[in-house]
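Engineer: This is the structure I have questions about; it appears just below.
Values in this text are rule-based calculations from the coordinates and carry no lab data. The shown structure was predicted, so the numbers you read here are calculated from the model rather than taken from an experiment. Glycine gets a Cβ as well: all are built from the backbone with ideal geometry, and neighbour counts include every protein chain shown.
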Amino acid sequence: MEQKWQKRLNQALALLEAGEIAGGLEGLEELKEEYSGNTELEMQLVTIYHELGHHETALAILDKLEAQCGGQSEEAWHEIAVYRASLYIDLDRLQEAMDILLAIKEGGTDDYRVYALLGEVFLLEGLEEVAIRYLERAAELAPDNEEVQYLLGKLYAEQGESGRAMEKWQALKRFEDDAAILLERARMAARQGEFETALALYEKAAESEEVPEALYGAGMIAYQTGNWQRAVRSLARLIEVDPDYVVAYPLLAEALWKLNMREQALVIYERALALHVEEEELLCGYLRLVVTMEEWARAENALSRLYKLDEEAAAYWYWRGRVAEAKGDKEEALLSYERVLSTEDEFWDTRQRYEGLRQQINGQ
């Protein structure tokens, strides 16, 4: 027979899943207060609050459970310790988590979670090889646990062991369709120079689940391999899904430019510039296009923005020189290039442009 509190817990969870966060959290709080001392419920609440990211609340319940479980079984103590270690990891209390987990391991355990969590700790500490050893032990103890197998495959891939990575991933039921696995396979293919395979996998991942990383990966690989239309398709969709994904804008603009869609390329740059982030890099890309198109009003506006960012920056003086040179004002261009060379001797092609202009002037 279902416990009365279980029905109310299910109702609170249903509210959370429906997006009614305040109502769901209120329901959880009421249960926490009314059924204080109910170990089964409180263990479930620890898990729920942990998954919601309310780590301090979960830890407070765990502290209370530990205080009241003096005469309980070794199994109960073990569960509390494992939960505590997991919470400490998410709270960035890595040393405390490691101390708990190593103590359990030294006492002898076949709980795969202990080894999986140790793997996570060592991974966060940057010790990938140690992490792999613990995750391999977790995989031995729980060969059907797909999360462990997936993470182990990901680490193998990052270590360049593509064969072992594929062996782990192919054993997963979701090998062909899961966006996360498709993304990892795409990254691995790209690292190996298999760009067509990588592009197909990124696009399939994007179809499965429109995660920004998949759309950007597809756009980037498509651009690098000269598939301008496919690049535009992925990147245009990306900035619809996530308008703040700034690095997608210049790549999309450049792909449009390659397709001779020049005005559209400028509009994309202008949309990116409206976000007011990474402005110098965006302004330089934008200026290259407007100077080519002799769009002087747009060029002057962009120069004004560069000047406001840093009037002494080499980028400002370089592009001031480029605009002057394109307009035929060689003296102004020379003065601007000299300002660049006085601070940075090798800034893009400033030296070549400067010397070329001097030869033109001296040859007149």
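Engineer: Once the Cα gyration tensor of region 132-270 is diagonalised, what are the square roots of 5 times its eigenvalues, in whole Å and ordered largest first, as equivalent ellipsoid semi-axes?
Structural biologist: Details: eigenvalues 235, 38, 25 Å².
Ellipsoid half-lengths, sorted descending, are 34, 14, 11 Å.
Engineer: Given the convex hull over the Cα atoms of region 278-364, what projected area results after averaging over all orientations, in nm²?
Structural biologist: Details: hull surface 21.2 nm².
Projected over every direction and averaged, the Cα hull of region 278-364 covers 5.3 nm².
Engineer: Restrict the search to region 92-127; then list the GluC sites (Glu not before Pro) that DSSP places in a loop and that have at most 14 other Cβ atoms within 10 Å of their Cβ. Display every interim value, and only then the final one.
Structural biologist: Values: sites: 96, 106, 120, 125; in loops: 125.
Those satisfying the criteria are 125.
Engineer: Taking the alpha-carbon centroid of each part, what is the distance from region 7-40 to region 151-230 in angstrom?
Structural biologist: Using only Cα atoms to place each centre, the spacing works out to 39 Å.
Engineer: Here is a follow-up. Please compute the length gained on full extension between residue 344 and residue 329, using 0.36 nm multiplied by the number of residues separating them and subtracting their Cα-Cα distance. Could you put the intermediate results ahead of the total?
Structural biologist: On the way: separation 15, 0.36 × 15 = 5.40 nm, distance 2.26 nm.
Here the segment from residue 344 to residue 329 would lengthen by 3.1 nm.
Engineer: Label-point separation (nm) for residue 167 and residue 229, each offset 7 Å from Cα along Cα-to-Cβ?
Structural biologist: Taking the two extended label points, one gets 4.2 nm.
Engineer: Taking +1 at the Cβ of each Lys and Arg and -1 at the Cβ of each Asp and Glu, which of 228, 3, 251 sits farthest along the dipole of the chain towards its positive end, judged by Cα position relative to the Cα centre?
Structural biologist: After comparing all options, I get 228.
Engineer: Less than 26 Å apart at the alpha-carbon level, and either on another chain or at least 8 residues along: which lysines does that give for residue 7?
Structural biologist: By straight Cα distance, residue 7 reaches 32, 64.
Engineer: For residue 304 paired with residue 275, estimate the spin-label separation in nm (one decimal), with each label point 7 Å from Cα along the Cα-to-Cβ line.
Structural biologist: Computed distance between label sites residue 304 and residue 275 equals 2.4 nm.
Engineer: Right, another one. Based on DSSP H runs of at least 4 residues, each adding -39500 (n - 2.57), what is the mean residue ellipticity at 222 nm of the chain after dividing by all its residues, to the nearest 500 deg cm²/dmol?
Structural biologist: Details: 21 runs with 281 residues, N = 364.
Rounded to the nearest 500, the figure is -24500 deg cm²/dmol.
Engineer: Once the dipole of the chain is set up with Lys and Arg at +1 and Asp and Glu at -1 on Cβ about the Cα centre, which of 303, 19, 53 lies farthest towards its positive end?
Structural biologist: Among 303, 19, 53, the one farthest towards the positive end of the dipole of the chain is 303.
Engineer: Check the straight Cα-Cα distances from residue 173 and name the lysines below 24 Å, setting aside those fewer than 8 residues away within the same chain.
Structural biologist: Partners found: 154, 204.
Engineer: Kindly state, to the nearest 0.05, the FRET efficiency for residue 96 paired with residue 11, given R0 = 51 Å and r defined as their beta-carbon distance.
Structural biologist: Numbers: r = 35 Å, r/R0 = 0.69.
So, using R0 = 51 Å, E works out to roughly 0.90.
Engineer: Can you give me the long-range amide H partners of residue 109? Hydrogens built in the peptide plane at 1.01 Å from N, cutoff under 5 Å, separation of 5 or more residues or another chain.
Structural biologist: none
Engineer: Considering Cα pairs under 8 angstrom that are at least six residues apart, work out the relative contact order of the chain and quote it in whole percent.
Structural biologist: On the way: 391 pairs, mean separation 17.7, N = 364.
Taking the mean separation of contacting Cα pairs over the length of the chain, I get 5 percent.
Engineer: Right, something else. Setting aside same-chain residues fewer than 8 positions from residue 168, which aspartates and glutamates have a Cα under 16 Å from its Cα?
Structural biologist: In chain and number order, the partners are 136, 140, 144, 146, 147, 158, 176, 177, 178, 184.
Engineer: Same structure, new question: 7 Å from Cα along Cα→Cβ at both residue 351 and residue 73: what's the point-to-point distance in nm?
Structural biologist: Label-label distance for residue 351 and residue 73, simple model: 7.6 nm.
Engineer: With a Förster radius of 30 Å, plug the Cβ-Cβ distance of residue 128 and residue 195 into 1/(1 + (r/R0)^6) and report the FRET value to the nearest 0.05. Walk me through the numbers on the way to the answer.
Structural biologist: Details: r = 26 Å, r/R0 = 0.87.
That pair, residue 128 with residue 195, gives E of 0.70.
Engineer: So, with +1 on the Cβ of K and R and -1 on the Cβ of D and E, and no other charges, what is the size of the charge dipole of the chain about its Cα centre, to the nearest 20 debye? Mind showing how you got there, number by number?
Structural biologist: On the way: 38 positive and 73 negative charges, 313 e Å.
For the chain, the charge dipole is close to 1500 debye.
Engineer: Another one. If I take the Cα coordinates of the chain and project them onto the principal axes, what are the three extents in Å, biggest first?
Structural biologist: Ordered largest first, the chain gives principal extents of 99, 46, 38 Å.
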